[in-house]
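Let me begin by presenting the structure, written as C-alpha cells, before commenting on it.
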Amino acid sequence: MFDHDETVRPDTSLEILSKLRPAFDKNGVVTAGHASSINDGAACLMVVSEEALKKHNAASSYCFLCFSRC
C-alpha cells in the first residue's frame, strides 16, 4: 500500500512547470513536469465473444477460466 504519490515533488510550482521545455519533440507538449514517471505502467484488456473472434479472423491468447467474488 502507498500513502502518497512518490513522483510529486514538494518544491514544484505552476511557475516552474510553465517554464519547462518539451521533453521529446521541440514542438511537443509533453514536458518532464507532467510526463509519466519511469515506474508507471499500463495495461489493456479486451473482452470479446468467441463469435467476434471468428468474425474478425482473430485468435485469443488467453482463456478466461473462472472468477471469485469476495
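The values are calculated or read from the model by the stated rules, or taken from the named source; none is laboratory data. Worth saying up front: this structure is predicted, and the values here are computed from it rather than measured. Positions of Cβ are backbone-derived with ideal geometry, glycine not excepted, and every protein chain shown enters the neighbour counts.
Observations on the model:
- Among the residues making up the stretch 22-38, those that are in contact with a Ser or Thr (Cβ under 7 Å, 6 or more places away or on another chain) and either aliphatic (A, V, I, L, M) or at pLDDT 90 or above (or both) are PRO22, ALA23.
- Residue satisfying condition, being among the aliphatic types (A, V, I, L, M) and over 16 Å from the mean Cα position of the chain (by Cα), within set ALA35, ALA59, ALA43: ALA59
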